[in-house]
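Chemist: Following this message is one structure expressed as structure tokens.
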Amino acid sequence: MQRRLRIIIPLVVLAIGVGGFMALLKTRPEGPAASVSERVWRVTTETIELQALAPSVLLHGRVESPRHIRLRSAIEADVRTVVVSEGQVVAAGERLLSLDQRELDLQHAQRQAEHDEIQAQIDLEQQRRQRDHNALQHEQALLNLAERGATRAQDLLGRDLGSQAALDEAQRVLEQQRLTVSNRQAALTEFEARMAQLRARLRRSAALLASTELDQQRSHYTAPFPARITQIAVASGDRVRVGESLIELFDLSALEVRATLPTRHLATVEAALAQEVPLLAQADVDGHGLSLVLRGLAGSARGAGVEALFEIVNPHAELSLGRFVSLRLELPVRHPVVALPFEALYGTDRVYRLEEQRMRVLHVERVGEWQAADGEVRLLVSSAELNPGDRIITTRLPNAVDGLQVTE
């Protein structure tokens, strides 16, 4: 019995407690319902107007030169003198370095002697031809006499007035004279072949002599154009071989800037180039203002753009090759466009218009940048959804969505 009471009493107490809680829950007073109010964000706006403006694009490039050359040795010789230093600016034709040409002088003297020897052989051959020509006339006369002598000897033998020995001697003299005339004629005939051979040797000797003289000229190196020295690879006393690098330099009058043009501006630039519309750009390097003009587009793409080549109109001697340059490219006038602060653009193609205290999204096209008279750089956008007098929100909100309630 006591065991049952120990089990029943706790259950009864628990039931009484639950019942009391339920009675209190049902008889509690009703409180007023909590009201949820929408948060209002404070923003600034700007009233827009549609204009005709020339957008600009800020590009980053590097100074290059298509005439960046490396002078190499054309001969094997010792370096005699180096008269310039790295970074030095030189004028066209200014001396850079000299190689020792004493070995070339000896080679030139040897080839000059060979050339003179062949020329002397030609002179001797011409004199021999003249002698052979004169001698042939005499030999021909002697042949005529020998023929008449052989005829007389034959006639005398036929009349029993001469001997067979006399006829044989006359025949021998005739044949010998005929052989002499034939040899003389062969010598004259071979004259042209010998002269052709000697002339060929003379031309070869002249070519070798001219090559030596050219090598002598190549022992002195001068600047081919107004240039700046970028590297000197040798010093006085060095032995250089054919093809070994000596000096690197670049043409100061042929500098250009290679910059990456974003693909969103590619169609505009290509159209301007096709119509031969000059596209100008400005840059500032160490306080020196640079004027540039777009020369064309390269055939290679880099990242999200295409390589654009800008010719520097007013280069200066202090401009270094490989220097990074920021330049602003002026594009053709666009209409209608709107100039907005950069804070007005969300993402890459969204702005918000203020309508009845709410943000309404508009999709726009970013056409470039524009620099005002006071130096402020603004963003240029274009869209058919933009109208004159629209109030565009210029405050950057982290939670901006269409329909968000705002106030000024």
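Chemist: Among the residues of the stretch 106-132, write down those that are among the acidic types (Asp, Glu) and touching a Lys or Arg at 6+ places or on another chain (Cβ under 8 Å).
Modeler: Here is the first cut: in the stretch 106-132, the residues among the acidic types (Asp, Glu) are 114, 116-117, 123, 125, 132.
Correct list: 125, 132.
One line per residue, one yes/no per condition, for (1) closer than 25 Å to residue 70 by Cα; (2) basic (Lys, Arg); (3) surrounded by 15 or more Cβ atoms within 10 Å (Cβ to Cβ):
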| residue | (1), (2), (3) |
| --- | --- |
| 87 | yes, no, no |
| 90 | yes, no, yes |
| 100 | yes, no, yes |
| 107 | no, no, yes |
| 130 | no, no, no |
| 134 | no, no, no |
| 151 | no, no, no |
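Chemist: If I go through the stretch 159-206 residue by residue, how many of them are exposed (fewer than 15 other Cβ atoms within 10 Å of the Cβ), of a type in the set (Lys, Arg) and modelled with pLDDT of 80 or more?
Modeler: 3
Chemist: If you take the residues of the stretch 306-324 that are among the aliphatic types (A, V, I, L, M) and either surrounded by fewer than 16 Cβ atoms within 10 Å (Cβ to Cβ) or modelled with pLDDT of 80 or more (or both), which of them is farthest from residue 273 (Cα to Cα)?
Modeler: Step one: filter the stretch 306-324 for residues among the aliphatic types (A, V, I, L, M), giving 306, 308-309, 312-313, 317, 319, 321.
Among the residues that remain, those that are also either surrounded by fewer than 16 Cβ atoms within 10 Å (Cβ to Cβ) or modelled with pLDDT of 80 or more (or both) are: 306, 308-309, 312-313, 317, 321.
Numbers: 306: 14, 308: 12, 309: 12, 312: 17, 313: 18, 317: 30, 321: 27 Å.
Residue satisfying both the conditions and the ranking: 317.
Chemist: Can you confirm whether residue 92 is in the same structural domain as residue 283 (by TED's automatic domain parsing), modelled with pLDDT of 90 or more and touching a strand residue (DSSP E or B) at 6+ places or on another chain (Cβ under 9 Å)?
Modeler: no
Chemist: Hand me the list of strands (runs of 3 or more DSSP E) wholly inside the stretch 66-183 holding 1 or more residues that are touching a Pro at 6+ places or on another chain (Cβ under 8 Å). Walk me through how you get there before you give the answer.
Modeler: Numbers: elements: 68-72, 77-82, 95-99.
Filter on the stretch 66-183 gives 68-72.
The values are calculated or read from the model by the stated rules, or taken from the named source; none is laboratory data. Owing to the predicted nature of the structure, the values given are computational and were not obtained by experimental measurement. Using ideal geometry, Cβ is built from the backbone for each residue, glycine included, and neighbour counts are taken over all protein chains shown.
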